[in-house]
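In what follows, a structure is listed as structure tokens, so that the remarks can point back to it.
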Amino acid sequence: MPDHPMKNPNAVIVFARTPEITRSVADEPFAALPWDDLDAIFHACLRDIVDRAAGIPAVDVIVYRNERYLPAAKMSPPGENIRMLDMPDGEYDRVVGQAVENAFLEYYHRVVVVLENNPLVGTGLIRRAFDLLGTEDDAVVVTPAADGRAAMLALKANHPSVFRPGAFPSAKGEGIMSRLCALDVHIYPTTPTAPIFAVDSPGTIDRLRRYVAGMDPSDPSFPKQTSGVFRSLEKKYRLKKAHA
């Protein structure tokens, strides 16, 4: 367990991991994008999530960082409520489960876990999860994503049975919903205002680019870092301007 005193009563856990990219359709946008450019997109997505989570009152942001893919210099500088820890080895479901256990062992009262590094996971969605956790003595909030996945989980207590092997398969997360339903707790599904999906293929990367291009830059949840990277790539490769 990390040796660090709790500063705030609530925690947001984010996993800085580079997703596996499937490039099976050669004519998809971004299918031939060099890895350095893909890397820039992933880092921008992560920074947007961390920056907005860090702005929520009474919250510590715990970032589990895989050093092979995320140099510290590419992340936002750690602030008083941002902690960066090394990503442990192992399957993703075990890593998530251990991170949740560590958070509750550190006496955080409510824990939100961001499972998909999509920058459309904004401040409003995270705030809503914390608010729902305050309605019952024991509760779980889940934000469904496309393809049967879960984009975000919010818990008021540790439920290790949710994170057994197979909870987060690489293709779809069918296991997570059935395990949540088996818990004797109040479960609150949340519907995000923006579409949440895994950014793990050239098609979904372009889908994100187009959606971000149609957003209002004055919106508090506008992903500034991600938008900036996409604009740079559009100019660099003379890509067609994205439309909402």
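The values are calculated or read from the model by the stated rules, or taken from the named source; none is laboratory data. Remember, predicted model here, so these are calculated numbers, not experimental data. Ideal geometry is used to build each Cβ from the backbone, glycine not excepted, and the neighbour counts take in all protein chains shown.
Taking the criterion of being basic (Lys, Arg), at pLDDT 90 or above and either buried (at least 22 other Cβ atoms within 10 Å of the Cβ) or not in a helix (DSSP H, G or I) (or both), the residues of segment 107-165 that qualify are Arg110, Lys156. Filtering segment 61-75 to residues that are buried (at least 17 other Cβ atoms within 10 Å of the Cβ) and modelled with pLDDT under 85 leaves Leu70, Met75.
Yes or no, residue by residue, for (1) touching a Pro at 6+ places or on another chain (Cβ under 6 Å); (2) within 26 Å of Phe230 (Cα to Cα):
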{"position": "His109", "(1), (2)": "yes, no"}
{"position": "Gly122", "(1), (2)": "no, yes"}
{"position": "Leu125", "(1), (2)": "yes, yes"}
{"position": "Ala146", "(1), (2)": "no, yes"}
{"position": "Met152", "(1), (2)": "no, yes"}
{"position": "His159", "(1), (2)": "no, no"}
{"position": "Ser178", "(1), (2)": "no, no"}
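Regarding Ser178, is this residue hydroxyl-bearing (Ser, Thr, Tyr), under 29 Å from Glu234 (Cα atoms) and modelled with pLDDT under 90? No: the conditions fail for Ser178. Do you know which of the residues in segment 10-60 that are among the aliphatic types (A, V, I, L, M) and modelled with pLDDT under 85 is nearest to Asp89 (Cα to Cα)? Filtering segment 10-60 for residues that are among the aliphatic types (A, V, I, L, M) and modelled with pLDDT under 85, the one nearest to Asp89 (Cα to Cα) comes out as Ile21.
Each residue in segment 191-243 was checked for being touching a residue at least 40 places away in the same chain (Cβ under 8 Å), among the hydrophobic types (A, V, I, L, M, F, W, C) and either crowded, with 17+ Cβ neighbours inside 10 Å or assigned to a helix (DSSP H, G or I) (or both), and 11 of them qualify.
Under the condition of being at negative phi and without any contact (Cβ under 8 Å) to a residue 40 or more places away in the chain, which residue from segment 134-158 is nearest to the chain's Cα centre (by Cα)? Per the criteria, the residue is Ala150. Within segment 78-106, restricting attention to residues that are hydrophobic (A, V, I, L, M, F, W, C) and not in a strand (DSSP E or B), the residue that is nearest to the chain's Cα centre (by Cα) is Val96. Checking Val199, Val212 one by one, the residue that is modelled with pLDDT of 80 or more and under 17 Å from Asp147 (Cβ atoms) is Val199 and no other.
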